[in-house]
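Asks: One structure coming up, written as structure tokens, with questions to follow.
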Amino acid sequence: MSFTLDHDLALAWLRAAAAAVEQQHERLTELDAAIGDGDHGSNLRRGFAAVTEALAALPADTPPGELLTKAGATLISKVGGASGPLYGSALRTAGRSLPAPTADPTALAESLRAGLTAVQKLGGAAVGDKTMVDAFEPAVAALERAAFDGFSLREAAALAAEAAEAGARATVPLEARKGRASYLGPRSVGHQDPGATSTALLFRALADATGR
């Protein structure tokens, strides 16, 4: 069981995220085809494949913050559309907020809150707008509460993943107010947001990695 986010856990998390995107890229594309450009799954698949390759070239003692920063920078440079800048900014900002070689649940929550803030500044979205923020914000809030209550990293990550998944499901009845889906107006209702869905994959990957 992992008690802090260190090099090994950060690397396992990002690799698990890449594996989840690889496994679910067709579903993400289907969700995006309904209310977006239909390229969310393929873009993230390409981006996280590049992340995996970039991380493999880093030294074995690379701190977790630098791993996240490298992952974010890679996504920004390799992924088109909105997902590259948004995910890239989230991970890069979170990584820059983690200067120490290890991070406890509180430090991780603070870094991901910074990452969420970067996403919101870039995209201008809030909870309820039917975007990745609908999964990201409740996940971070759950992580913060768990850290405050003294939960282990494994427990905190599991709660964050559950909150992200619930947030993604909650986008189904919403009408999109941001992004490509907002052009559809009421026709966006009844579809799960692809960005919220991939965000939930990211937090579930963290939970899975902490349980190894």
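The values are calculated or read from the model by the stated rules, or taken from the named source; none is laboratory data. Owing to the predicted nature of the structure, the values given are computational and were not obtained by experimental measurement. Note that each Cβ is placed from the backbone with ideal geometry, even for glycine, and that neighbours are counted across all protein chains shown. Keep in mind that these areas ignore ligands, DNA and RNA; they rest on the heavy atoms of the full protein, side chains included. Shrake-Rupley method; radii C 1.70, N 1.55, O 1.52, S 1.80 Å.
Asks: Any idea what the relative contact order of the stretch 133-181 is, in percent, if you count C-alpha pairs under 8 Å spaced at least 6 apart?
Replies: Taking the mean separation of contacting Cα pairs over the length of the stretch 133-181, I get 46 percent.
Asks: With N set to the residue count of the stretch 65-195, report its C-alpha Rg divided by 2.2 N^0.38 Å to two decimal places.
Replies: Normalised Cα radius of gyration, the stretch 65-195: 1.07.
Asks: Kirkwood hydrodynamic radius of the stretch 1-42 from all distinct Cα pairs, in Å?
Replies: After inverting the pairwise mean of 1/r, the radius is 11.6 Å.
Asks: At a Cα cut-off below 24 Å, give the lysines reachable from K70, other chains included and same-chain residues fewer than 8 away excluded.
Replies: Once the sequence-local lysines are set aside, what remains near K70 is K78, K121.
Asks: Let me ask you something else. Would you work out if the stretch 114-165 is rounded, prolate or oblate? Take a ≥ b ≥ c from the square roots of the eigenvalues of the alpha-carbon gyration tensor; rounded if a/c is under 1.5, else prolate when a/b is larger than b/c, oblate otherwise.
Replies: prolate
Asks: Quick one: accessible area per residue over the stretch 79-171, 1.4 Å probe, rounded to a whole number of Å²?
Replies: Heavy-atom SASA per residue in the stretch 79-171 reads 39 Å².
Asks: Label the stretch 171-212 by shape, choosing from rounded, prolate and oblate, from the square roots a ≥ b ≥ c of the eigenvalues of the Cα gyration tensor; if a/c is under 1.5 it is rounded, and otherwise prolate applies when a/b is larger than b/c, oblate when it is not.
Replies: prolate
Asks: For the stretch 1-71, how big is the tail of P(r) above 17 Å, as a whole percent of Cα pairs?
Replies: Summing the P(r) of the stretch 1-71 above 17 Å gives 48 percent of all pairs.
Asks: Take the alpha carbon gyration tensor of the stretch 1-142, find the square roots of its eigenvalues, order them as a ≥ b ≥ c, and report rounded if a/c is under 1.5; if not, report prolate when a/b exceeds b/c, else oblate.
Replies: It is oblate, given that a/c is not under 1.5 and a/b is not larger than b/c.
Asks: Given a Förster distance of 25 angstrom, what is the FRET efficiency for A60 paired with D104, based on the Cβ-Cβ distance and rounded to 0.05?
Replies: With a Förster radius of 25 Å, E is 0.70.
Asks: Can you give me the distance in nm between label points at E175 and D149, each placed 7 Å from the Cα along the Cα-to-Cβ direction?
Replies: Spacing of the two 7 Å Cα→Cβ label points: 3.6 nm.
Asks: In nanometres, what is the gap between the two model label sites at A49 and E22, each 7 Å from Cα along Cα-to-Cβ?
Replies: Roughly 1.0 nm, to one decimal.
Asks: Right, here's the next one. Expressed in nm², what is the orientationally averaged projection area of the convex hull enclosing the Cα positions of the stretch 124-212?
Replies: So the Cα hull casts an average projection of 5.4 nm².
Asks: Would you work out what percent of the accessible area of the chain, with all protein chains in place, is carbon or sulfur (probe 1.4 Å)?
Replies: Solvent-exposed carbon and sulfur of the chain make up 53 percent of the total.
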